[in-house]
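Okay, so here's the structure we're looking at.
The values are calculated or read from the model by the stated rules, or taken from the named source; none is laboratory data. Here the structure is a predicted model, which is why all the values come from computation and not from measurement. Virtual Cβ from ideal backbone geometry, glycine too; neighbours counted across all protein chains shown.
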Amino acid sequence: MKCPVCGMDCVQSAKEILTTLPGIFLPCPNCSIRVLDKRAPSPSLEYGLPCSCGKRFIDEVFTHMYVIMVEEGDLTTTDPLIAVGSPLVHPGFAMDRPPFLPQKSLTLLTSAATRKTAERLMNEVPELRGVIKKENFIPGITNPNFDSVPRVYELLAGCDVRADIFPLRTGPLVMYKQQSRIHIEFPRGGYPKIQAVVQHVGNPPAKFFVDACSGVGTLGLAAACLGVPRVVLNDAWYASAFWSAFNLEVNREYLQIDRVRIYEQEEDMEKHPVMKEPVKIAETEGKQKIEVFQGDFRRLYTVLSMDPSPITVFDMFDKSDTPALHQILDEWKKNVGGEVFIP
């Protein structure tokens with residue numbers, strides 16, 4: 001599949017990416033391991049090279065990046081190893097041990113590196129996919145009032161598209177995202193949000209499911225993979241709505257659909273980054289009817305057919321304002337009805 005960000009082949013279908021599991025981050029018998037204290041400086045400015053199998057332990061990769069950032073003046077030899085940044089592996093899933101990284105399996109989120117350094121990192125560190133400049137804000141929509149255009153991080157070098165994998169009883173779900181545009185939510189052990197969807201969808205599955213604040217579509221597509229015949233995904237933020245649509249195509253082989261129709265491309269959606277009135281971005285043809293909208297969830301009822309009443313999940317970024325959250329849910333029940341839950 002062609003990557004919509006860089007145009008290269010860094011995006012695979014769910015079927016293709018799942019063939020690399022479970023051994024993608026496991027060492028071969030010849031791999032070496034050096035565990036370092038990430039809160040201390042690197043003990044030396046030396047690093048090991050990848051094994052003959054092409055993998056390298058994550059601490060060794062970070063030492064390599066640390067050395068480059070010291071040489072470029074972004075870090076000093078007294079800075080801790082953790083100052084390099086935060087690792088986002090591809091594909092991401094809950095792990096019980098640190099990974100051995102193959103080529104193009106790491107996105108670095110860093111506040112220290114310059115663009116010049118990032119380009120050198122991409123040229124010299126084979127495990128890197130992309131380098132993102134971390135700022136003191138969270139990218140994407142964090143306020144449900146949609147009263148300002150969300151801020152995003154800057155991609156310094158490479159490509160920032162990566163995938164997370166979520167287990168279901170019907171098989172794993174693969175969700176891609178452009179990480180500089182979407183807030184980070186790495187898969188947690190036990191996958192509590194996925195389990196909440198499983199519980200509410202039931203078996204046999206419910207008839208209609210709405211993911212009102214879909215992000216890149218994880219919970220709505222989980223419901224679809226569990227067999228719900230009608231699913232609606234919606235997000236006001238263009239990047240979330242686009243990747244919800246894109247992930248339909250990624251997981252198409254595991255859904256009961258014949259075709260995905262995508263009506264808007266990312267470069268066109270970027271011209272209207274936040275939408276109030278819902279606009280259909282994509283829909284499927286086949287046994288399952290799955291639709292993706294970009295719009296304010298408070299207006300989504302205007303484009304929904306309420307027969308039958310849906311099960312609706314609200315996975316908003318900020319769940320701390322309880323009164324506001326209850327007001328949103330009460331308004332949804334008034335306009336749409338059906339069962340509503342927060343994962």
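A few points about this structure:
- Qualifying residue in the stretch 28-44 (condition: under 30 Å from R181 (Cα atoms), in contact with a Phe, Trp or Tyr (Cβ under 8 Å, 6 or more places away or on another chain), surrounded by 16 or more Cβ atoms within 10 Å (Cβ to Cβ) and at pLDDT 95 or above): no
- The residues of the stretch 104-115 that are touching a strand residue (DSSP E or B) at 6+ places or on another chain (Cβ under 9 Å) and not β-branched (V, I, T), listed by number, are K104, S105, L106, L108, L109, S111, A113, R115.
Conditions (1) of a type in the set (F, W, Y); (2) over 26 Å from the mean Cα position of the chain (by Cα); (3) at pLDDT 95 or above; (4) farther than 23 Å from M275 by Cα, marked per residue:
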{"residue": "E291", "(1), (2), (3), (4)": "no, no, yes, no"}
{"residue": "L300", "(1), (2), (3), (4)": "no, no, yes, no"}
{"residue": "M306", "(1), (2), (3), (4)": "no, yes, no, no"}
{"residue": "D315", "(1), (2), (3), (4)": "no, no, no, no"}
{"residue": "A324", "(1), (2), (3), (4)": "no, yes, no, no"}
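- Verdict on S214 being modelled with pLDDT of 95 or more, of a type outside the set (A, V, I, L, M, F, W, C), buried (at least 24 other Cβ atoms within 10 Å of the Cβ) and farther than 21 Å from L329 by Cα: no
- Comparison of D211, D258 shows that the only residue that is in contact with a Ser or Thr (Cβ under 9 Å, 6 or more places away or on another chain), among the charged types (D, E, K, R) and within 21 Å of I165 (Cα to Cα) is D211.
- Scanning the stretch 1-59 for residues that are assigned to a loop (DSSP other than H, G, I, E, B), over 30 Å from A241 (Cα atoms) and charged (D, E, K, R) yields a count of 6.
- The residues on offer are V131, V161, and the sole one that is within 14 Å of the chain's Cα centre (by Cα) and under 29 Å from H272 (Cα atoms) is V161.
- When residues of the stretch 305-334 are limited to those that are of a type in the set (G, A, S) and either in the same structural domain as P139 (by TED's automatic domain parsing) or not in a helix (DSSP H, G or I) (or both), the one surrounded by the most Cβ atoms within 10 Å (Cβ to Cβ): S309
- Test for F293: is it surrounded by 22 or more Cβ atoms within 10 Å (Cβ to Cβ), hydrophobic (A, V, I, L, M, F, W, C) and assigned to a helix (DSSP H, G or I): no
- Qualifying residues in the stretch 136-156 (those that are modelled with pLDDT of 95 or more and of a type outside the set (A, V, I, L, M)) - the one surrounded by the most Cβ atoms within 10 Å (Cβ to Cβ): Y153
- Contact map, the stretch 116-134: first residue modelled with pLDDT of 95 or more, second residue crowded, with 18+ Cβ neighbours inside 10 Å and of a type in the set (F, W, Y), Cβ cut-off under 6 Å, separation 6 or more or different chains; pairs are I132/Y153; K133/Y153.
- Selection status of K289, closer than 23 Å to L255 by Cα, in contact (Cβ under 8 Å) with a residue 12 or more places away in the chain and among the basic types (K, R): yes
- Beta carbons closer than 7 Å, at least 6 apart along the sequence or on distinct chains, pair a first residue in the stretch 69-80 that is within 14 Å of A40 (Cα to Cα) with a second that is part of a loop (DSSP other than H, G, I, E, B) for L75/A112; T77/P41; T78/P41; D79/P41; P80/K38; P80/R39; P80/A40; P80/P41.
- Residues of the stretch 84-117 that are in a strand (DSSP E or B) and of a type outside the set (V, I, T): S86, P87, L88, G92, F100, L101, L106, L108, L109.
- Any hit, the stretch 232-251, residues being within 23 Å of L325 (Cα to Cα), surrounded by fewer than 19 Cβ atoms within 10 Å (Cβ to Cβ) and touching a Lys or Arg at 6+ places or on another chain (Cβ under 9 Å): no
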